[in-house]
Amino acid sequence: MNALIALVRHDLKTFLGNRRALLMSLAAPIVLGGFMGYFFTDRGGETSKIPIALVDQDDSPVSRKLAAGLAGDTYLEVRPAALDEARTAVRKGKVSAAVVLPPKFGEAATRGFFRDQGRPEVTLLLDPSKGAEAGLVRGLLSHHAMESVSGEVFGGSQGLKLLQENAEAVEKDPTVAPELRQALKNIYRDVAQLNEQGALTDGKGQPRGLSLPYALKEETVTARTDIRYNGYAHSFAGMGVQFILFMGIEAGVGLLLLRKGSLWRRLRAAPVGRQVFLAARMISAALSAALLLLAIFLVAWLGFGVKVLGSFPGFLLVTAGFALFTGAFGLLIASLGRTPETTRGLTIMVTLVMLMLGGAWVPAFIFPAWLQKASLVMPTRWAIDGLDAMTWRGQGFEAALLPAGILAAFALAMGLLAWARFPFDEA
């Protein structure tokens, strides 16, 4: 036991004594975590608007109302433009999309409200790199177009003319049954009468179109109703996991380098068993990882308002599980690696894949459904999900048991494999 403690103390003293490496291990995840968290945090309802260009080749009451509706939308920044100017702006990435309203759009859209023939063709110029924004623009365009066109149909001068034309067309169409002809005539007559009386207008005398039949109330669900989602919590978890695993890589490569030095021969000559030596390396790396992660979240709490809204013992349990995994990961690297140079390059590549699939860079819910399920085989996914659960999700201690247990299982499996494969003989 004294030999184990002495070896662990030596490794920790070496790690803490390298101030430059320690500072980088702390500064890098803090800087990147703060940078990424800024973009994923709700800043008091502030919305980043999508810039779009609007080409109105019609300039009718309907197109002007549609343009006003788009310009007043919370999510859009509308820039009037000519067709060539709009196409150039999309191509250069200055706007995410451009809406082109053709000539006679208002008249054709009003007539096409009840008919399939003669509907106008609205062109949407898209930037292929901004698919998410394009989907939102399509939905908002449909909403405001329906509102402006229906307002003209049921409350505008063009709509009144259309209703009269439809009533006359029904009267002259021999294929329409008498009962249906009379019902349609009554509908057109009643709507036209309401139109003339101004019953289908808003308080300012403008035509009132169809709108959503409900009021939407948005409520974010977090640990408590008085707490908003803090994107810094996830970004610090992801960046902390990333750079601590990089530290684990350096610990493993450092063990490979140790085998080439004179200290290795003295250790082999000392009365220290193989199991004690490997256990000391794993424990010292795990303690270093735990201290680093706690220090990172301490800075996140002091500087960015990240709090453990769930179980603090659960947070410590997940931290311990990930620390053990990091220690075993470094030991496995030293056991399976051949040369320091090759081992470092290969393990960095493997680690980056684990981080990408584990949600360290972007939240895992952005992944496709199949990848969200497949990424559960990654220990990094469980580490980040466990830290998220204990911080901004505010879950209880029981939510930490599964992530910590899976991380401990990975640590045990890696530790056993490292113990079996470690080349204890001098290289």
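Please list, ordered by residue number, the helices (runs of 4 or more DSSP H) wholly in segment 12-92 having 3 or more residues that are touching a strand residue (DSSP E or B) at 6+ places or on another chain (Cβ under 9 Å).
Per the criteria, 61-71, 83-91.
Just a yes or no: is a residue in segment 156-172 at pLDDT below 65, touching an Asp or Glu at 6+ places or on another chain (Cβ under 7 Å) and not polar (S, T, N, Q)?
So far as segment 156-172 goes, no, none of its residues is at pLDDT below 65, touching an Asp or Glu at 6+ places or on another chain (Cβ under 7 Å) and not polar (S, T, N, Q).
So, of the residues in segment 100-133 that are among the aliphatic types (A, V, I, L, M) and either at pLDDT 90 or above or not assigned by TED's automatic domain parsing to the domain that holds G69 (or both), which turns out to be farthest from P61 (Cα to Cα)?
This residue is L126.
Identify all residues within segment 349-405 that are among the β-branched types (V, I, T) and in contact (Cβ under 8 Å) with a residue 40 or more places away in the chain; write none if there are none. Before you say what the answer is, go through the steps one by one.
Filtering segment 349-405 down to residues among the β-branched types (V, I, T) leaves 350-351, 353, 362, 366, 377, 380, 384, 391.
Answer for segment 349-405, where residues must be among the β-branched types (V, I, T) and in contact (Cβ under 8 Å) with a residue 40 or more places away in the chain: T351, T380, I384, T391.
Just for segment 325-354: of the residues that are crowded, with 24+ Cβ neighbours inside 10 Å and aliphatic (A, V, I, L, M), which one is nearest to A383 (Cα to Cα)?
The first filter runs over segment 325-354 and keeps only residues crowded, with 24+ Cβ neighbours inside 10 Å, leaving 325-334.
Now narrow it down to the ones that are aliphatic (A, V, I, L, M): 328, 331-334.
Working: A328: 15, L331: 19, L332: 19, I333: 20, A334: 23 Å.
Of everything passing the filter in segment 325-354, A328 is nearest to A383 (Cα to Cα).
Check D84, D11 and return the single one that is charged (D, E, K, R), in contact (Cβ under 8 Å) with a residue 60 or more places away in the chain and over 30 Å from G231 (Cβ atoms).
Of D84, D11, the one residue that is charged (D, E, K, R), in contact (Cβ under 8 Å) with a residue 60 or more places away in the chain and over 30 Å from G231 (Cβ atoms) is D11.
Please go through segment 232-261 and give me each residue that is not basic (K, R) and not in a helix (DSSP H, G or I), ordered by number.
Just the residues of segment 232-261 that are not basic (K, R), to begin with: 232-258, 261.
Once the filter is applied, which keeps residues that are not basic (K, R) and not in a helix (DSSP H, G or I), segment 232-261 yields only G261.
Can you tell me which residue in segment 312-350 is nearest to the chain's Cα centre (by Cα), limited to those that are of a type in the set (S, T, N, Q) and at pLDDT 95 or above?
T319
The values are calculated or read from the model by the stated rules, or taken from the named source; none is laboratory data. Computed from a predicted model, the values in this text were never measured in an experiment. Here the Cβ is made from the backbone with ideal geometry for all residues, glycine too, and neighbour counts use every protein chain on show.
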